[in-house]
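Here's the structure we're looking at; comments come further down.
Values quoted throughout were computed directly from the atomic coordinates according to the rules given, and no laboratory measurement underlies them. These numbers were taken from a predicted model, which means no experiment stands behind them. We place every Cβ from the backbone using ideal geometry, glycine too, and count neighbours over all the protein chains shown.
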Amino acid sequence: MKICIYGAGAIGGYMAVMLKRSGVDVSLIARGPHLEAIKQRGLKLLIDGQELHAEMPATKHAAELGPQDYVINGLKAHQAWESAEDMAPLLGDHTAVVTMQNGVPWWYFHGLEGEHADLRLQSVDPGDRQWKAIGPERVIGGTVYPATEITEPGVIKHIYGDTFGLGEPSRQKTERLTRLADAINASGLKARVYDDIRDDIWLKLWGNLCFNPISALTRATLDIVATDPGTRPLAKKMMLEAQQIGETFGATFKVDVERRINGAARVGAHRTSMLQDVEAGKAIELDALLTAVQEMGRLAKVETPFIDTVLGLTQQMGRSLGVYPTFPEAVVEAQPEPKVANG
């Protein structure tokens, strides 16, 4: 089995070491000092008091690796859009592409029935770039639950978690899905296969769409956002709007909103990924986490005044700090003006 991890950052590097050590033929697409360190010394994983090491082909040029059985895309959503065509040399006739981005995926409506079947979400895939370059029929949907970080180039530190969600957009249990899940489980990681991966995408997105932007705006850690009398009700309002949208398109929410918020509070003084990116001056994943939900709300004719307000504030903050990447105007469709919450 040949697996290329496209975007071998903290999560991708963690997966790479575990898969490689279990005997999988793993290669990496990476860049910068991290890539150079991997080429010279391999990847080091710090986990459970151990130092695990693995060497594997690593490059920034996909053409050097050739067609794969699976491509696991570990880039952030806006980076995945920018690099869609660059993946072409990795794609053979039967290559599956596993999307591991946070938020609403570009392929969300592929395989669904009804008036929105195969609809393209312009907020996450303007100009249908990924739809055309990759093709939704290649996709296996994924969700990521471990927390890891790059402590220095070529070195990954595992913090917690070992589970990855997987599922076909078609809701079928295919051979390619089973083979990938078996390989992940054999590596010491855990693959949880879902009948409809969209349910798990919504469960994770449900918290990210409110906790991330609120924390980035206020610079507050997760425990504060989830308990403060000013921010907790706001998060709940956003989550209830999102739940109505998700359910309109067939998603099932198996956790109560209060329980979901309380679970976030128990994580403690965690700095959300968006807060970390703002503090580091890195581009934020706002469109996949929130703009796409707003777009889906308009399709579902669900009003989203709280989502609209927080989104507008976060967009403006991101622009002022230079951390909100904007898509080229030529491929962005005009969007209607958002409603604003009263009071």
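Once you sort the root eigenvalues of the Cα gyration tensor of segment 34-75 as a ≥ b ≥ c, which label holds: rounded (a/c under 1.5), prolate (a/b larger than b/c) or oblate (the other case)? It is prolate, given that a/c is not under 1.5 and a/b is the larger ratio. Taken over segment 2-195, lysine pairs spaced eight or more positions apart, or on distinct chains, with alpha carbons under 13 Å apart number 4. Neighbour counts of C-beta atoms inside 10 Å place Arg232, Arg41, Arg271 in the sequence Arg41, Arg271, Arg232, starting with the fewest. Please give the Cα centre distance for segment 295-320 versus segment 175-239, rounded to the nearest Å. What the calculation gives is 19 Å, centre to centre.
Each residue in Glu175, Glu36 was given a count of other beta-carbon atoms within 10 angstrom of its own, and listing them fewest first yields Glu175, Glu36. Under the simplified labelling scheme, the Lys39-Arg266 pair shows an inter-label distance of 4.6 nm, with each label point 7 Å from Cα along Cα→Cβ. Magnitude of the charge dipole for the chain, about its Cα centre and with charges confined to Cβ atoms of Lys, Arg (+1) and Asp, Glu (-1), is about 740 debye.
Using C-alpha pairs under 8 Å with a sequence gap of at least 6, the mean separation divided by the residue count of segment 25-116 gives a relative contact order of 25 percent. An oblate overall shape is assigned to segment 124-252, the ratio a/c of its alpha-carbon gyration tensor axes (a ≥ b ≥ c) being 1.5 or greater and a/b not exceeding b/c.
Relative to the longest principal axis of the Cα atoms of the chain, the long axis of helix 10-21 makes an angle of roughly 30 degrees.
Toward the positive end of the charge dipole of segment 76-158, with +1 on the Cβ of Lys and Arg and -1 on the Cβ of Asp and Glu, the farthest Cα among Ala84, Pro146, Val98 is that of Pro146.
By the Stokes-Einstein formula, at 1.567 mPa s and 4 °C, segment 198-331 with its Kirkwood radius over alpha-carbon pairs has D equal to 87 µm²/s. Each Cα pair under 8 Å and six or more residues apart adds its separation to the average, and for segment 198-331 the resulting relative contact order is 32 percent.
Look at the Cα gyration tensor of segment 2-195: its axes a ≥ b ≥ c give a/c of at least 1.5 with a/b over b/c, and that counts as prolate. Working from Cα pairs under 8 Å separated by at least six residues, relative contact order for segment 2-195 is 22 percent.
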